[in-house]
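A short worksheet on the structure shown next.
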Amino acid sequence: MNNQIKKINLNHSFIFFLFCNIFSIIAFKISYFTISPLICLFLILSIGVSHGSLDNLKGRKLFQIYGINNFVIFYLSYILISLSVIFFWIIIPSISLIIFLIIASHHFGKEDTQFLIVENSYLNQLFFFLKGTLIIFAPMYFHFDETISIFKLLLIDNESFYEFLNFIESNKILLYGIILSTLSSIILFIKNFEIKKFAIFLDYFSILIINFYFSPLVAFTVYFCFLHSIRHSISLVYELDNNDLGNGLKIFTKKALPLTIVTATFCFLGLYLLNNTYNFDSSILKIIFIGLASLTFPHILLEYLIEKNEK
């Protein structure tokens, strides 16, 4: 990435940091201030999901590399992987959750930072993973009981799993995890230092702030939509037209809209079906987290295959 995209992302990190502080002050001053799960769902299905809505274009690029002409195979494969994730989550929810959290940690750490890092070494991949674990450890550290409640709503009824979580909470392992994540951010910051790397610490403090003041669901929604997704979308806009970002944004919006609408439609259909068995808020949580997991796996696999073949 050139200096222009680094500067844009630094400004984005600064704006997000200010947003998190102002948002937190409002929540602190207004004791009854809450955000409903339905609003979180709308934000995730619009801003959040849209950053992966160009996967069909990336899939077409990958198929050109492999010399595959029948593009229907891409859509079938993508849907099959997504449905497989949902199936395995129903069968083995605790293992599926652990795998999802591990993969998501690396994905979040890498996607939020790699625009600043030139070297793509295995050591940096480890630092990306440790940095990304802050997204997982922070809500558990500040709101352990609420996080456990969400896990229970995600079909996980394995007592051994919760005994393990209680063990790591009571033995301050969550705190050690946050410290490791902090150290990884510091290392990524000082390696080949440049001023634009302050984005790393702006993001770091923003994540801690929102997780301290807000529930795990709200904190994740704010992070996922307004930091992770917008940052990824910025890179896509830049790829579409690096000479005119306004035009790139128009192209991105036009191309992202169809799959965003399709994804949102299926999610609301799933919400309608789940609401016949579970209460409304529980159904929303299942749609958000299990649904995101089902989309994240094919999305990350596609990113990996493209990156591998471009090398």
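The values are calculated or read from the model by the stated rules, or taken from the named source; none is laboratory data. Remember, it's a predicted structure, so these values are computed and weren't measured experimentally. No Cβ is skipped: glycine too gets one built from the backbone with ideal geometry, and neighbour counts run over all protein chains shown. SASA here: full protein model, heavy atoms, side chains in, ligands and nucleic acids out. Shrake-Rupley method; radii C 1.70, N 1.55, O 1.52, S 1.80 Å.
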Note: among 169, 163, 194, 159, just one is closer than 20 Å to residue 208 by Cβ, over 18 Å from the mean Cα position of the chain (by Cα), open to solvent by 30 Å² or more (accessible area, probe 1.4 Å) and at pLDDT below 95, namely 169
Residue 38 meets each of (1) hydrophobic (A, V, I, L, M, F, W, C); (2) surrounded by fewer than 16 Cβ atoms within 10 Å (Cβ to Cβ); (3) in contact (Cβ under 8 Å) with a residue 24 or more places away in the chain; (4) assigned to a loop (DSSP other than H, G, I, E, B) with one exception, condition (4)
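Yes/no matrix, rows are residues, columns are (1) of a type in the set (S, T, N, Q); (2) open to solvent by less than 20 Å² (accessible area, probe 1.4 Å); (3) assigned to a helix (DSSP H, G or I):
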position	(1), (2), (3)
110	no, no, yes
124	yes, yes, yes
138	no, yes, yes
147	yes, yes, yes
Among residues of region 229-253 being open to solvent by 30 Å² or more (accessible area, probe 1.4 Å) and under 18 Å from residue 43 (Cβ atoms), the residue nearest to the chain's Cα centre (by Cα) is 230
Over region 173-228, the set of residues under 30 Å from residue 38 (Cα atoms) and among the charged types (D, E, K, R) is 203
Residue hits (region 257-293; surrounded by 14 or more Cβ atoms within 10 Å (Cβ to Cβ), at pLDDT 90 or above and under 18 Å from residue 58 (Cβ atoms)) are 260, 263
Scanning region 88-100 residue by residue, those under 21 Å from residue 131 (Cα atoms) and surrounded by 15 or more Cβ atoms within 10 Å (Cβ to Cβ) turn out to be 97, 99, 100
(message) Tell me whether region 170-184 contains one or more residues that are more than 30 Å from residue 3 (Cβ to Cβ), without any contact (Cβ under 8 Å) to a residue 24 or more places away in the chain, assigned to a helix (DSSP H, G or I) and among the polar types (S, T, N, Q).
(response) yes
